[in-house]
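Taking it in order: structure first as structure tokens, then the write-up.
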Amino acid sequence: MTDTVQAQPEDRALVRIRGLTTVLNGKVVFDKLDLDIPRGKVTAIMGPSGTGKTTLLKHITGQMRASAGEVWVDGLNVGELSRQALFDLRERIGYLFQNSALLTDFDVFENVAFPLRQHTRLPEVLIRNIVLTKLQAVGLRGAASLTPAELSGGMARRVALARAIVFDPMLILYDEPFVGLDPIALNQVLKLIRTLNETLGITSVLVAHELEAIKQVADHVYLIANGKVVGQGDPKSIEHDGSPWTRQFFGGEADGPVPFQYPAGDYAEALGFRQGAV
Amino acid sequence: MSAQIQRGENVVIGSLAQIGRCGLFLLRILAALPRSLRHARETVRQLWFVGAMSLTIIMTCGLFVGMVLSLQLYHVLSIFGGTSATGSVVALSVYRELGPVVTALLFAGRAGTSITAEIGLMRATDQIAAMEMMAVDPIAYVAVPRFLSGLIAMPLLCCVFCGLSIFGGHLVAVDWLGVDNGTFWSNMTSTVKVWDDVINGVIWKSLAFGGVVSLIAVFQGYTTAPTSEGVAYATTRTVVASSIAILALDFVLTAFLM
């Protein structure tokens, strides 16, 4: 186990992915994928549904092992870390789950306080202040005593966001952070992501489909399809780069390099029409 | 015919593999025991849920088991003119077999299913994954406290069950059917041996049953498919596997402890 490999000083990428190959149930999800997440920037990962964006986040956090290739986070090869070293790394990473993943046994306050209680011995008054500060940032200080069952989907995501940032991590991974947010909450979350990035220098990785939101917050965008990076660049200009991938994805077209239909047999035959009968 | 044999082979091999996985899971629980010491509060909380919250069903069933046992035994013993032995036979039956076995079966139905469903839903809603992402070991935080609480709660619940059974037996035999109160208690105290019947019968058996039921419940919940159907199957498997394990283990323990 190589737990002590340190980042090179000139390494400007916090996350470096090289030759990542993932095969799940016989399906190739990533095919020698190369990708860099720069330090202190907001990077968006976009792509068609089922293309493996969440799987990529799982590789970065070591929740899933790659079939081949390497994932380096802050100079550490995630695939070779021991369990304890992986947990040490995860203490420096915030992760916002698609479905919030709030602990249903606890109220909002305790959900946000959970990482602090598990990893620190801070006095109760300090824990209370930190939690209330994070809840204030996501606009839910007044909801501290509510249970997860009493929250709407958008509120639950904001609580999960407060929990993800409670340690002021070096890296935050947001899996679909804008789903279910009303325009006011969406705007506040965008501001929060930007503020965390600018004031604390936190590196952020966003998996999202909302290009307009991405344009407001991201510094760089990757478009992933067919297991590879098929486009990348400035979010404000990527949709006009002339590539058939970006044209189809951002134009929302059914025809293009990404098939809209899942592979299937002949349609007319499936409907019971013999060839030439209609 | 050969297809049926093949299917039978698959069932046997699948069951053995599942037992093996469960054994490996027990090793993971034991390895996480030192780390779970810092979650003592969670263990106490689980003890409340699986122990205290099971008291109503254990007490009610214990009372009725004692009452029906006393009623049946009185009528059988009256054929031989031995109704004075009702108290001792009720006590021996309850301490040696019915107490631990029925308590464990009830515990599997009440607390075991609840543990499996809770952990299964935690997995289905990514709460287990969220804990891992927050660098909290879910085996130490989720599995061990529930396993320990089952281990601690079962002997206590079994004692309550046995006490209420004796009380129920006394109600029927003495207060209803007219067996002499002194005879009921004196026969019982002269025939029941503390080590053979109470320690071996109640304590050791219920400890073993508590460990097995808790292990099965936690294992099924932790390894369930993260879907509503998966949680439903896991809950059913907890009851079926626990019931079979309790009765099989009861035979083995009885053979060794007698």
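What helices (runs of 4 or more DSSP H), lying completely within the range B:58-171, carry at least 1 residues that are away from every other protein chain (no Cβ under 14 Å) and crowded, with 20+ Cβ neighbours inside 10 Å? If you could, list the steps in order and put the result at the bottom.
On the way: elements: B:86-93, B:99-107, B:113-124, B:127-133, B:144-170.
The qualifying helices (runs of 4 or more DSSP H) are B:86-93, B:99-107, B:113-124, B:144-170.
With respect to the conditions (1) hydrophobic (A, V, I, L, M, F, W, C); (2) at pLDDT 95 or above; (3) not in a helix (DSSP H, G or I), B:I216 falls short on a single one, namely (3). The test for being among the small types (G, A, S) and touching a strand residue (DSSP E or B) at 6+ places or on another chain (Cβ under 9 Å) holds for A:S204. Scanning the range A:19-63 for residues that are more than 14 Å from the chain's Cα centre (by Cα) and either within 14 Å of chain B (Cβ to nearest Cβ) or hydrophobic (A, V, I, L, M, F, W, C) (or both) yields A:L20, A:V23, A:L24, A:V28, A:V29, A:F30, A:L33, A:L35. Remark: pairs (first residue in the range A:195-222, surrounded by fewer than 21 Cβ atoms within 10 Å (Cβ to Cβ); second residue assigned to a loop (DSSP other than H, G, I, E, B) and of a type in the set (G, A, S); Cβ separation under 6 Å; 6+ apart in sequence or on different chains) = A:G201/A:G40. Summed over the range A:231-257, the residues that are surrounded by 12 or more Cβ atoms within 10 Å (Cβ to Cβ) and among the hydroxyl-bearing types (S, T, Y) give a count of 2.
Those residues that are touching a Lys or Arg at 6+ places or on another chain (Cβ under 9 Å) and either surrounded by fewer than 23 Cβ atoms within 10 Å (Cβ to Cβ) or of a type in the set (A, V, I, L, M, F, W, C) (or both), I need them from the range B:224-242; list them, please.
In the first step, residues of the range B:224-242 are kept if they are touching a Lys or Arg at 6+ places or on another chain (Cβ under 9 Å); the result is B:224-226, B:230-231.
Correct list: B:A225, B:P226, B:G230, B:V231.
The listed residues are B:R7, B:R35, and the only one of them that is closer than 29 Å to B:D137 by Cα and more than 21 Å from the chain's Cα centre (by Cα) turns out to be B:R35. Applying the condition of being of a type in the set (A, V, I, L, M, F, W, C) and within 14 Å of chain B (Cβ to nearest Cβ) to the range A:132-153 and asking which residue is surrounded by the most Cβ atoms within 10 Å (Cβ to Cβ) yields A:L151.
A single entry from A:V217, A:V179, A:V166 fulfils the requirement of being aliphatic (A, V, I, L, M) and touching a Phe, Trp or Tyr at 6+ places or on another chain (Cβ under 9 Å): A:V166. Checked against (1) at negative phi; (2) without any contact (Cβ under 8 Å) to a residue 12 or more places away in the chain; (3) of a type outside the set (V, I, T), B:G178 passes all but a single condition, namely (1). Considering (1) hydrophobic (A, V, I, L, M, F, W, C); (2) outside any helix (DSSP H, G or I); (3) touching a residue at least 40 places away in the same chain (Cβ under 8 Å), the lone condition that A:L122 does not fulfil carries the number (3).
A:G256 - would you say it is over 22 Å from A:L57 (Cα atoms), small (G, A, S) and more than 25 Å from the chain's Cα centre (by Cα)?
Details: over 22 Å from A:L57 (Cα atoms): yes; small (G, A, S): yes; more than 25 Å from the chain's Cα centre (by Cα): yes.
Judged against the criteria, A:G256 is a match.
Once the range A:83-109 is narrowed to residues that are assigned to a helix (DSSP H, G or I), more than 9 Å from every other protein chain (Cβ to nearest Cβ) and crowded, with 16+ Cβ neighbours inside 10 Å, the residue that is modelled with the lowest pLDDT is A:A85. Within the range B:177-192, not a single residue is more than 30 Å from B:R41 (Cα to Cα), assigned to a helix (DSSP H, G or I), of a type in the set (D, E, K, R) and more than 15 Å from the chain's Cα centre (by Cα).
The values are calculated or read from the model by the stated rules, or taken from the named source; none is laboratory data. Everything numeric in this text was worked out from a predicted model, so none of it was measured. Neighbour counts run over all protein chains shown; Cβ positions are idealised from the backbone, glycine included.
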